[in-house]
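Since the structure comes first, as structure tokens, the remarks are kept for the end.
The values are calculated or read from the model by the stated rules, or taken from the named source; none is laboratory data. The structure presented is a predicted model; accordingly, all values stated were derived computationally and were not measured. Cβ placement follows ideal geometry from the backbone for every residue including glycine, while neighbour counts extend to all protein chains displayed. Surface areas here come from the heavy atoms of the whole protein model, side chains and all, with no ligands, DNA or RNA. Shrake-Rupley method; radii C 1.70, N 1.55, O 1.52, S 1.80 Å.
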Amino acid sequence: MGAQLRVYKRRIKSVTATKKITKAMEMIAASRIVKAQRKVAASTPYATELTRAVTAVATGSNTKHPLTTETDNPTRAAVLLITSDRGLAGGYSSNAIKAADQLTERLRGEGKEVDTYIVGRKGVAYYGFRERKVAESWTGFTDSPSYADAKRVAAPLIEAVTTETAEGGVDELHIVFTEFVSMMTQTPVQNRMLPLSLEKAAEETGTKGEILPLFDFEPSAEDVLDALLPRYVESRIYNALLQAAASEHAARRRAMKSATDNAGDLINSLSRLANAARQAEITQEISEIVGGASALADATAGSDK
């Protein structure tokens, strides 16, 4: 019985140590969420105004440009998937990967070849384990991305969009990331970045139904769009990276809180079992003492006769 009690005590000690770790990770994730939310709030107005500018240029000109012009028969598409570098975040990365798989299947069903670009070690490991081809990948910054990271990610995507499909370019650019809705809700979303849908852009910027003024473009509308294209893609990717980072921290906080609560429940359960084992051990010892005393009393009584 003593051996069983020692087993319970070792398990309680082990689970208590794990609980301290998960509690610390929960607190760290909670502190990082606030910083990530601030960055998202700071980057969103810039991305919105840039989209508004692109919409104004596209509406005020008849220039055909990869940023705004739909291809008659698109044959190739690029998908940028944003996952995390670290685990212990519940279903955060797996949900984003599922959304990317659904998008890829839909695009292939439309007869398009798909080039996949991945941010985050979890996505890279998933595709590598299944021996799926990845055009390019980036790791090491998902929990705290900078604008420089967004520029690194955007560079090959911009090059692919501006290259003819016969030479390895793409007609469409899609992005899959996890949108931060609230501390309890993070939703994987699929957005088409290019070509820009003017109707959707008008809804995002709040200009739907408004009559935009006429513009004169210098040196030309095409040159203006050429200048706006990299800024637009970079700002959208940066905002998506920040949204994903906030979602990752929120998902990790929720997962660690659940782990901490489960560890507490397990400690309580093991403590009850340990108390029961201790009580059984004491009861057995008392029974042995009483039995021994009774046997000794019987032996003494027999010798007196």
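Looking across the stretch 145-164, just one residue is over 19 Å from residue 236 (Cβ atoms) and open to solvent by 50 Å² or more (accessible area, probe 1.4 Å), and that is 164.
Of all residues in the stretch 273-297, those being of a type in the set (D, E, K, R) and closer than 13 Å to residue 3 by Cα number 2.
Can you name the residue in the stretch 214-235 that is open to solvent by 50 Å² or more (accessible area, probe 1.4 Å), of a type outside the set (A, V, I, L, M) and in a helix (DSSP H, G or I) and, of all such residues, is nearest to residue 181 (Cα to Cα)? Explain how you work it out, then say what you get.
In the first step, residues of the stretch 214-235 are kept if they are open to solvent by 50 Å² or more (accessible area, probe 1.4 Å); the result is 214-216, 218-219, 222-223, 226-227, 231.
Among the residues that remain, those that are also of a type outside the set (A, V, I, L, M) are: 215-216, 218-219, 222-223, 226, 231.
With in a helix (DSSP H, G or I) added as a condition, the list becomes 222-223, 226, 231.
On the way: 222: 36, 223: 37, 226: 33, 231: 25 Å.
The extreme case among them is 231.
The single condition among (1) touching a strand residue (DSSP E or B) at 6+ places or on another chain (Cβ under 7 Å); (2) crowded, with 20+ Cβ neighbours inside 10 Å that residue 47 does not satisfy is (1). If you take the residues of the stretch 119-133 that are open to solvent by less than 50 Å² (accessible area, probe 1.4 Å) and touching a helix residue (DSSP H, G or I) at 6+ places or on another chain (Cβ under 8 Å), which of them is nearest to residue 151 (Cα to Cα)? Within the stretch 119-133, the match that is nearest to residue 151 (Cα to Cα) is 119. Beta carbons closer than 8 Å, at least 6 apart along the sequence or on distinct chains, pair a first residue in the stretch 90-112 that is touching a residue at least 60 places away in the same chain (Cβ under 8 Å) and open to solvent by less than 20 Å² (accessible area, probe 1.4 Å) with a second that is of a type in the set (Phe, Trp, Tyr) and outside any helix (DSSP H, G or I) for 96/177. Only a single criterion out of (1) closer than 20 Å to residue 193 by Cα; (2) basic (Lys, Arg); (3) in contact with a helix residue (DSSP H, G or I) (Cβ under 9 Å, 6 or more places away or on another chain) is not satisfied by residue 152, namely (3). Taking the stretch 64-88 as the range and being buried (at least 18 other Cβ atoms within 10 Å of the Cβ) and at pLDDT below 90 as the test, the residues that pass are 65, 66, 67, 68.
Screening residue 179 on (1) open to solvent by 30 Å² or more (accessible area, probe 1.4 Å); (2) without any contact (Cβ under 8 Å) to a residue 60 or more places away in the chain; (3) not in a loop (DSSP other than H, G, I, E, B) shows it passes everything except condition (2).
Answer yes or no as to whether residue 137 is small (Gly, Ala, Ser) and modelled with pLDDT under 90. Explain how you work it out, then say what you get.
On the way: small (Gly, Ala, Ser): yes; modelled with pLDDT under 90: no.
No: the conditions fail for residue 137.
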